[in-house]
Structure formats: structure tokens, C-alpha cells
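I have placed the structure first, in the form of C-alpha cells, so that the comments after it can refer back to it.
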Amino acid sequence: MSQMPEAPLLDVRGLRVDYLTANGRVRAVNGVSLAVKEGEVVGLAGESGSGKSTIAHAILRILRPPALITGGEVLFAGQDTLKMDDAQLEAFRWSRVSIVFQSAMNSLNPVLSVREQLVDVMQNHGLTKEQANRRAGELFQLIGIEPRRLDSYPHELSGGMRQRTVIAMALALNPDLLILDEPTTALDVVVQKDILLQMARLREALGLAVLFITHDLSLLVEFSGRILIMYAGELVEGAPARTLFDQPLHPYTVGLMNSFPSISGEKRRLTGIPGSPPDLISPPTGCRFHPRCPKAMAVCSQAAPEMKIVSPEHSVACHLY
Amino acid sequence: MKYILRHLALYALALWVSLTINFLLPRLMPGSPVSALIGRMRGKFTPQQIEALKKAYGFTDAPLIQQYFDYLSHVIRGDFGLSISAYPARVSSIISTALLWTVLLGAVTLLLAFLLGSFLGVLVAWRRGGMLDGILPSLFNFIGSFPYFFLAMLALFFLAFLLKWFPMSHAYSDDLSPGWTWDFAGSVGTHLILPAGTIILVSIGGWLISMRSTMIAVLAEDYIVMAEAKGLPERIVMFRYAMRNAMLPNFTQFGMSVGFILGGQILTEIVFSYPGLGFYLVRAVTAHDYPLMQALFLMITLAILMANFAVDLLYVRLDPRVRTE
Amino acid sequence: MSTTLQIAPSENQTLPPDRSRSAQFGFLRDLLGERKALFGIAILSIFILVAIFANVLAPSDPTRFVGRQNQPPSGAHWLGTNGQGQDVFSQLIVGTRVSLFVGFTVGFFITLLGLAVGMTAGYLGGFADGLLNVVTNVFLIIPALPLLIILASYLPPGIITVTLVLIVTSWAWTARVFRSQTLSLREKDFVSASAVSGENTFHIIFLEILPNMMSLVVASFFGNVIYAIAADVGLAFLGFENVTTVSWGTMLYWAQNNSALLTGAWWTFVPPGLCIALVAFGTTMLIYAVDQVTNPRLKTEKEISGVLRKYHIHSRRATPVVHESNA
């Protein structure tokens, strides 16, 4: 990535994550480095299984067994979360970085009311009950739900309301960084748009940084400053949103761009990307994308390409450049 | 709500089936049990009295359906007839005290075993693969392999007979009379320890393992990851998020386990000569006292259905999703 | 529009498990590697052998009066004599036969009956399912032992009575378990494939669904055996078995009725109780081991525990960080 003038808020360096499975070790994240500046919105895109969610979970160290973090650093305002003990993590989580998961229904405790779940995290970080309750009301107004719904149970809310509830929860402690892990995938299109607009407004109002993870590139265009593309556990390209859309460099990115129709845009022939994502237990040699790449050369199967800066703010990991 | 009503319907059906079994069995089986009674009493009754007896026990010459409805109407009124072995005592008077003792023992053991077992199950599941998890499930599994009454016999022999630490039989000391006094309550308490203790020991394993496996399933859920991501302290995640949810399937299990544990309780009552429903049931069987036997069976079934119903009510309170069904 | 590109196969499309010979040997191999399984198999084998060769192993005829009553264990009588002057050790050995026989027979038939009811209800669904379900639930809720007592009291005491009564009353739990398993297997793709290719219901139930339930069936069978042995002992203790038969249950019956507890004759009731517990425990270990081996999730968990232990990682609340050299 290009040099940052000041230290980034989140600085992930060479992160490696393995999963132990019955068939062997899966290297789900293979030496990924990325950074998010204060107040910046960074989009992270890739297919299911490309490792993007894993990175998000690894930052907060909430990956479940059989996951194992096997290398790298995750520096947040100078502190390495990979070195924190339980007590430090408890203080760090939610107050500096919070996360919104894909399925709000599954993120919410079914036997507690929404209020109880909102308030407990605030009380845990020092607020009194009254303060916490007041803030819960404010948060709900912020996301556009009547505060009286605070006493509902998760199953009594609609899908869109649940997702907004989870967003409100994520903002409860005014974190510096908000990670959105496929926040709208489980919702229908109309609600999706609604929520995204609301998030954009919130972000402007509150000024927090956002790491937006999704497989849907079209969402990132309007929302992010910079976009990073992941494939098979590795970062392959990174550029400001507009630049990426106008000039995608990596063949995978090009394929992604051509894979979805645009309702409003010009008519375009849809092409997919032939083949399927690689088996991460024994991934392809050299560049992991080479078996599916229309522009593969001999060197691609022999050596893994390094991330090169091609133009200001635009990096790509490909032997073509 | 629908949940409760559905269960009530099942209980009503089960009750009806029990009643009908009670009615049909003596009439289907070879050799009328009334003739067994009469055989015992021969020489003590005149033929007219025998006829009256037959009628009193419902063995009239009326068509089966008529007998059935007569039987049902008697039962509803709480009239179970006269005991044969304790003739002419009324069955209802015998079972009313027995019911109290069984419910006392049953409630104490069930509650304690459930609470202890569940709590241990939560701990063991939280630190999976840890030291406690290696020892406790297997240990309680081993203890639970013993038949209830065998442990009762062991306890009776070693702790009561040899060491004389606890009383050997009955629900309270023979030289006390029942009443609301501390002495009496204390006596009841000490007499409860061995029977309750053995049943609890044997049944704890079941609750532990059951809670452990529901906890393990719940711990894999996303809202637990969310709770951890929120930076909540360990005990809140373990109890408020995990246990509150893991408890629920165990409640539905509870109903079925009650019947099973009560079976063990019956046998334990015999070992300790504890005057509950089980104790009288077996005595009734030995004496071929069919009216008493049937009434006891009904009472036991009713007690179980009521325990189930109580658990259903509690469950509706604990799981908000069921309320809006 | 979303760019849902090629993803991993959907959950529903699980392939039917590998039923080849090598897979089955693999299963046996894994099983024997589990200490618990070995322990369980050893115990069961010992008892089964004792049951088979009981007549040869017993030092004397268990029904004959061979000594004074209630004699403690001695050289002549390894476990002493009971209240009737019979040799306890011989009784224990011969009693194994009856207890195991009833246990396995009842266990087998309960499993069979449970399979029949459960799979029918699970596969057919609709009215048949509803009806069978209600019947199952009623049998589940009516307390077992009291029902057993009532039923058995009208029949002559003996092994046949006990066996029959146990089978008739104890199938419900197994039926419920098999029903839910059948329900979930029914939704799998290989079943639909089979149906679409024109196989009839019997074929689907017995040749497609049932083989995939085998580990559950085996576990249920052994579970039922444990239950049957315990229930049989309970019924015998209450006097429902012919009290001249020699079995572990009747030994306990006589111990209770001869007030062994009050005369201090612990050797008349402790050995049979211990044997019951050993058989039950050993079988439970076996079931547990079968579960460990056939459940793939448990296998990976063991591996992970191994890795964590190797690196001395104890925290369960945060993803472990292990800095290894590039694997």
C-alpha cells in the first residue's frame, strides 16, 4: 500500500491464519497486510471463502476453533491485539473496535430483550444503568427506530430492524473503527439500500473509520474511499474506489467487474470467471489465481507475485505489472 | 397459548389412557383378580356379600361401556373403592399421605439434582477439555451406572447400619407424631438425607451430561461470538448468554426424565421403607390389592403429569419465543 | 445486484458416507484406538464369556444348599453364602446368563420396534406421523416403572413376563430418536435422487436411509441393553421374576428379603450390584467411543486440543496466536 503520512489507526502486517480440519491445515489468510486510517472507509471485497471475514474476526481475536493465528501483527493505535491477554482484550473490544455480523438474527441473544443486550455492554464499560438506558434511547433514535421497541425481543423485530439494532449496538461505545462483515447480505435489496444510506449518514455524523467487508462490489463504490480485493487468502489489488472501477488491473478484479449486471449502466456482456476457488489445503503454486487467469504466463505458476505500487495509491500483486 | 394447550391435551390423553388401562387390564387378563380376593376371603363372606363386593369393585354384569362410565365417575369423585389388603380401609385415605411423602422426596431430589447437575454441566462445558471436563462426566457416568436401589442399599448398609450416621427407615422418627414442630421437621429432614442423597447422586450425571451437550451446541452460536466481541466479562457470557439458552432444551427433557427418576425413587422408597406411593405400590402388588394398586398407579401418573405441566409453565416464562406462538 | 460467484457446495448436497470396505475397516481401526472402546469391549466380552460358560465356571450348583447361611467370603466360598445357604459366587456367575440374556433380547426388540415406528413416522409424515407421534408421546409420558409394575402384576412371574412387558413399554424413546434422524436424513439430496430415479419406499428406507443411521442404531441398541438390564434387575428386585430363577436381580431380591442389610451380609448384595454397574459402565464407554469416532467434529476438536496443549495455550476466550515457522 502507499505510504501513509501519519500512522494508520489499524495496521495489519503479514497476518496469517490457519484452520485445522480433518483433511489438513487450511491456510485461510496468507500474509495479508492492510491499513485503515482514522475516519477512512476501506472496502474489502472477495468471494466467499477468500478469507475476508477471517481477517475481520482475527482483528478482534474472536475466531473460533479450529482457527489458529499463525503469524503477523495487528496494530491498533500502536497496540498489537495478537499480544493482548484476556483482560486487555476485554477492555479493547467494542470500545475501540466493534463489528456488525452478517446475520443480525444470529448475533442477538434470543432470550434477552434488545434493551438488556444494548445496556449490558455499556454498563460493563463504566456507565451507570441510567446513563446506559438513556444512551440506548439515543442510539435507537439515531438509527431510526422508536425507542419503545427497545423492550422487544429479537424475534419480534423485522429483518431490517434487527440489522439496525445490531448497528446501534456496534456504535454504543463510540468506537474508533467499525467493521461491517457482510452487513446487508441477508437482507432484501430495498432494505439493503436503506441501511447503507443510514450507515453513510452515521459515519459522516460520528466520523469513525469503517472496514466494509462484502462480496458485492457494487455496494463498495458508493460507500468506500479505498477498495481492497482478496482472492484465496491473499490481497491482490488495492486502489481508491473510482480508480478501481475505471481501471481494474488484476485479471481477477477485471473478472469481478464483468460478472455482475448493472441496472442503470450500459448494456454489457456478462462473463463469469471460469473454474472455482482453489483448495486452500494445497493451493496452486506461485500465483494462486493462475489456473483461472486468462492472462496467465509461465512465471505465474512458479513464483508468487509481490504487491507492487503501480501508481499513487494503486497497488496490485500480478506478474503482468 | 398454543404451547401450553398442546401439552395439556397430551396430558389429558395420557391420563385417559392410564385410566383405561386400569379399567381394561383386570378384565382382559386371565383369572379375574376379584376371584383372587374372594379366594382369600372365603369363609369370611356370605355369597351375597361376595356379590356386593364384586359390584363394589365394578365387576357387574352390565355391558362393558356401562362399567366403564361407572368406573370413570367413581374416579372423578376420588372414590377408589376399598383396599383389599387393608380391608375395609378406603384406598383414598391410604394414598393421600403416601402422595405427600413421595412428592416431598421427589421435589427435593429433582430440584437439587437438576440444579447441581446443570451448574456442573455449565462449568464443565465452558472449560472443555480441561481437568474438570475429563473427570466429572466419567465419574458421574460411573456412579450413574449403578441401579438406584443398589446405591440405596449400599448407603443404608454402610452409613446407616454400620456407621449409624443416619436413620435406617421411614420418613420420620417412630417416636414422634406428625405436626408443625421443629422436632418433627428436623426428623423428616434427617430421614430424607439418605434416600434423597442416593437418588441425587445417581441422577446428577444425566443432567450434567445433558447440560454439557446443550452448552456445547450453544457455545457454537454466533451470539456467543458477539458477546465475546462486546468485551463482556466471562461470567456474563457463560451464564447470561450461554446458560440461559442452553437451559431451555433441558427443560423439555425434564418432563420425560421425571418419569424415569420416579421409577428409581419407587425402588429407593422400598429399600428405606419410606412410606411413599412406590412403597405402597409394591406392597399392594404383593398382596394382590388391585384397587389400591390401580389408584397408586393413577396417582403416580397424575403427579408426573403435574410436574410436567409445572415445567411447561416455567418454560414459557424463560423462552420469549414461545410466548408469541 | 450481487456478484455471487462460485462458492462451496451447499450444505444440503452432502454425499452419502463412504460405505466401502476400507472405510469400514478404518472405522474399526479408529475405534480400537480409543481407550474407552477397548475398556468397554473388554468388559462386555468378559461378561458374555462368563454367561456362555457359566456352567463350567461356577464352582457349585447355585440352587443347592452348600453351607451355613450368611457365611462371609472364605476359601470354600469365595463370596460367601446367602440367606439360604447357597454359594454366592456360583449364583453370580450363573446369574450373568439370565441378566445378559434378558438385557440383550429386550434391547434388540426395543431397538427393532423403535426403528419400525420411528422410521415409518419420520419418512411417511402426514397423518401416519401424527398418529404415531401421539402414541409415542403418550408412552413416553406415562411413567415406565409403575406401568411395568401394573402390567406385570397381572401376569405370572417369570422371565417371559418381564421380557414382554419391558418390550411393550420401553420402545418410545428409541422411536422418537429414530424419527428425528429419519426426518433430517429424508431432506438430504441423495434421498431425493433415489426417489427421482424411481426407487420404491422400501428401497429408500432400508437401503438408503437406514445404512446412514447405523452408528445411531448401534448406539441406541447398546443404550437399550443397559436400560433393559437395569429395568430387569428392578423388576426382579420387586419380585416379578420367578424367585427361584438365579439372576442378579433375584439375588438382590433375596438380599433385601433376607434382611441382608440388617444382618451385615454385604457379600450377598454388593457383588451383583457391582456387576450391573460394570456392564452398564463398560457399555456406556463403548457407546461414547463409537460417538467419538463417527462424529468428525469431535475428531478435529481433539486435534486442536492437542495443538493448544503443545503450545501451552489456555485461554478459551480469544483466538490462540501461535508463531510457527512457515508451515
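The values are calculated or read from the model by the stated rules, or taken from the named source; none is laboratory data. Predicted model, so just to flag it, every value in this text is computed and none were measured. Virtual Cβ from ideal backbone geometry, glycine too; neighbours counted across all protein chains shown. Calculation scope for accessible area: heavy atoms of the full protein, side chains included, ligands and nucleic acids excluded. Shrake-Rupley method; radii C 1.70, N 1.55, O 1.52, S 1.80 Å.
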Discussion item. Kindly evaluate B:ARG212 against the criterion of being more than 30 Å from C:THR263 (Cβ to Cβ), within 14 Å of another protein chain (Cβ to nearest Cβ) and buried (at least 23 other Cβ atoms within 10 Å of the Cβ).
Written reply: yes
Worksheet item: For segment B:238-283, what are the residues that are within 11 Å of the chain's Cα centre (by Cα) and hydroxyl-bearing (Ser, Thr, Tyr)?
Response: B:SER257
Discussion item. With the requirement that a residue be more than 10 Å from chain C (Cβ to nearest Cβ) and on the phi > 0 side of the Ramachandran plot, what does segment A:54-85 give you?
Written reply: A:ALA77, A:GLY78
Worksheet, complete the sentence: Of the residues in segment A:31-60 that are of a type outside the set (S, T, N, Q) and open to solvent by 20 Å² or more (accessible area, probe 1.4 Å), the one that is nearest to A:PRO305 (Cα to Cα) is A:GLY31
Worksheet item: Exactly one of (1) touching a Phe, Trp or Tyr at 6+ places or on another chain (Cβ under 6 Å); (2) of a type in the set (A, V, I, L, M, F, W, C); (3) more than 23 Å from A:ARG134 (Cα to Cα) is unmet by A:LEU173. Its number?
Response: (3)
Worksheet item: Would you call B:SER138 part of a helix (DSSP H, G or I) and among the small types (Gly, Ala, Ser)?
Response: yes
Fill in: Leading residue by the ranking (most open to solvent (accessible area, probe 1.4 Å)) among those in segment B:1-31 that are without any contact (Cβ under 8 Å) to a residue 12 or more places away in the chain and within 19 Å of B:ALA310 (Cβ to Cβ)
B:ARG6
Worksheet item: When C:ALA277 is evaluated against the numbered criteria (1) over 25 Å from C:ILE46 (Cβ atoms); (2) free of Cβ contacts under 8 Å to residues at least 12 places away in the same chain, which criterion, by number, is the only one it fails?
Response: (1)
Worksheet entry | Identity of the residue in segment B:138-184, over 19 Å from C:PRO271 (Cα atoms), crowded, with 18+ Cβ neighbours inside 10 Å and of a type in the set (Gly, Ala, Ser), that ends up nearest to the other protein chains (Cβ to nearest Cβ) | B:ALA160
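Please determine whether any residue of segment C:71-87 is at pLDDT 90 or above and either within 14 Å of chain B (Cβ to nearest Cβ) or not in a helix (DSSP H, G or I) (or both).
First pass over segment C:71-87, keeping only residues at pLDDT 90 or above: none.
Looking for residues that are at pLDDT 90 or above and either within 14 Å of chain B (Cβ to nearest Cβ) or not in a helix (DSSP H, G or I) (or both), one finds none in segment C:71-87, hence no.
Tell me, which strands (runs of 3 or more DSSP E) lie completely within segment A:202-321 with 1 or more residues that are open to solvent by less than 30 Å² (accessible area, probe 1.4 Å) and either touching a residue at least 24 places away in the same chain (Cβ under 8 Å) or more than 23 Å from A:GLY43 (Cα to Cα) (or both)?
Strands (runs of 3 or more DSSP E) meeting the threshold: A:209-214, A:226-231, A:234-240, A:314-316.
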Discussion item. So for segment A:118-125 (the condition being buried (at least 16 other Cβ atoms within 10 Å of the Cβ), more than 7 Å from chain B (Cβ to nearest Cβ), of a type outside the set (A, V, I, L, M) and in contact with a Gly (Cβ under 8 Å, 6 or more places away or on another chain)), does at least one residue qualify?
Written reply: yes
Discussion item. If B:SER187 satisfies all but one of (1) crowded, with 19+ Cβ neighbours inside 10 Å; (2) away from chain C (no Cβ under 14 Å); (3) outside any helix (DSSP H, G or I), what's the number of the condition it fails?
Written reply: (3)
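Go through segment C:185-223 and give me each residue that's among the polar types (S, T, N, Q) and either farther than 30 Å from C:PHE281 by Cα or within 14 Å of chain B (Cβ to nearest Cβ) (or both). I'd like the intermediate steps shown before the answer.
Residues of segment C:185-223 that are among the polar types (S, T, N, Q), as a first pass: C:192, C:194, C:197, C:200-201, C:212, C:215, C:220.
C:SER192, C:SER194, C:SER197, C:ASN200, C:THR201, listed by residue number.
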Practice prompt. Kindly indicate the residue of segment B:243-262 that is within 17 Å of B:PHE119 (Cβ to Cβ) and open to solvent by less than 40 Å² (accessible area, probe 1.4 Å) and also nearest to the other protein chains (Cβ to nearest Cβ) among those meeting that condition.
Written response: B:ASN245
Worksheet entry | Which numbered condition C:VAL98 fails, given (1) of a type outside the set (Phe, Trp, Tyr); (2) open to solvent by 60 Å² or more (accessible area, probe 1.4 Å); (3) outside any loop (DSSP other than H, G, I, E, B) | (2)
Worksheet item: In segment B:215-234, what count of residues is obtained for those that are facing chain A (nearest Cβ under 8 Å) and among the hydrophobic types (A, V, I, L, M, F, W, C)?
Response: 6
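Looking at segment A:142-156, can you tell me whether even one residue there is of a type in the set (A, V, I, L, M), within 13 Å of chain B (Cβ to nearest Cβ), in contact (Cβ under 8 Å) with a residue 40 or more places away in the chain and open to solvent by less than 10 Å² (accessible area, probe 1.4 Å)?
So in segment A:142-156, the residues of a type in the set (A, V, I, L, M) come out as A:142-143, A:145, A:150.
Next cut, within 13 Å of chain B (Cβ to nearest Cβ) only: none.
Scanning segment A:142-156, I find no residue that is of a type in the set (A, V, I, L, M), within 13 Å of chain B (Cβ to nearest Cβ), in contact (Cβ under 8 Å) with a residue 40 or more places away in the chain and open to solvent by less than 10 Å² (accessible area, probe 1.4 Å), so the answer is no.
Of all the residues that make up segment C:210-245, how many are without any contact (Cβ under 8 Å) to a residue 24 or more places away in the chain, under 15 Å from C:VAL290 (Cα atoms) and open to solvent by less than 40 Å² (accessible area, probe 1.4 Å)?
Pass one, segment C:210-245, residues without any contact (Cβ under 8 Å) to a residue 24 or more places away in the chain: C:214, C:237.
Imposing the further condition that a residue be under 15 Å from C:VAL290 (Cα atoms) reduces the set to C:214.
Now drop any that are not open to solvent by less than 40 Å² (accessible area, probe 1.4 Å), which leaves none.
Within segment C:210-245, residues that are without any contact (Cβ under 8 Å) to a residue 24 or more places away in the chain, under 15 Å from C:VAL290 (Cα atoms) and open to solvent by less than 40 Å² (accessible area, probe 1.4 Å) number 0.
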Item to complete: Please go through segment B:1-19 and pick out each residue that is within 11 Å of another protein chain (Cβ to nearest Cβ) and β-branched (Val, Ile, Thr).
Response: B:VAL17
Practice prompt. Inspect all residues belonging to segment C:38-59 and state whether any of them is over 29 Å from C:VAL168 (Cα atoms), open to solvent by 50 Å² or more (accessible area, probe 1.4 Å) and not in a helix (DSSP H, G or I).
Written response: yes
Fill in: Scope segment A:126-141; condition among the small types (Gly, Ala, Ser) and either within 11 Å of chain B (Cβ to nearest Cβ) or open to solvent by less than 10 Å² (accessible area, probe 1.4 Å) (or both); matching residues
A:ALA132, A:ALA136
Item to complete: Being more than 9 Å from chain B (Cβ to nearest Cβ) and either modelled with pLDDT of 85 or more or outside any loop (DSSP other than H, G, I, E, B) (or both) is the filter; apply it to segment C:255-282 and report the residue that is surrounded by the fewest Cβ atoms within 10 Å (Cβ to Cβ).
Response: C:ASN257
Practice prompt. Could you please tell me which pairs satisfy a Cβ distance under 6 Å, a separation of 6+ or placement on different chains, a first residue in segment B:263-282 that is more than 8 Å from chain C (Cβ to nearest Cβ), and a second residue that is in a loop (DSSP other than H, G, I, E, B)?
Written response: B:GLU269/B:GLY276; B:PHE272/B:SER169; B:SER273/B:SER169; B:SER273/B:HIS170; B:TYR274/B:ALA171; B:PRO275/B:ALA171
Item to complete: Go through (1) over 30 Å from B:ASP174 (Cα atoms); (2) more than 10 Å from every other protein chain (Cβ to nearest Cβ) and name the single condition B:ARG240 misses.
Response: (2)
Fill in: The one condition in (1) in contact (Cβ under 8 Å) with a residue 60 or more places away in the chain; (2) on the phi > 0 side of the Ramachandran plot that B:LYS164 fails to fulfil
(1)
Worksheet item: Looking only at segment C:104-159, which residues are of a type in the set (A, V, I, L, M, F, W, C), under 22 Å from C:LEU238 (Cβ atoms) and more than 14 Å from chain B (Cβ to nearest Cβ)?
Response: C:PHE104, C:VAL106, C:PHE109, C:ILE110, C:ILE159
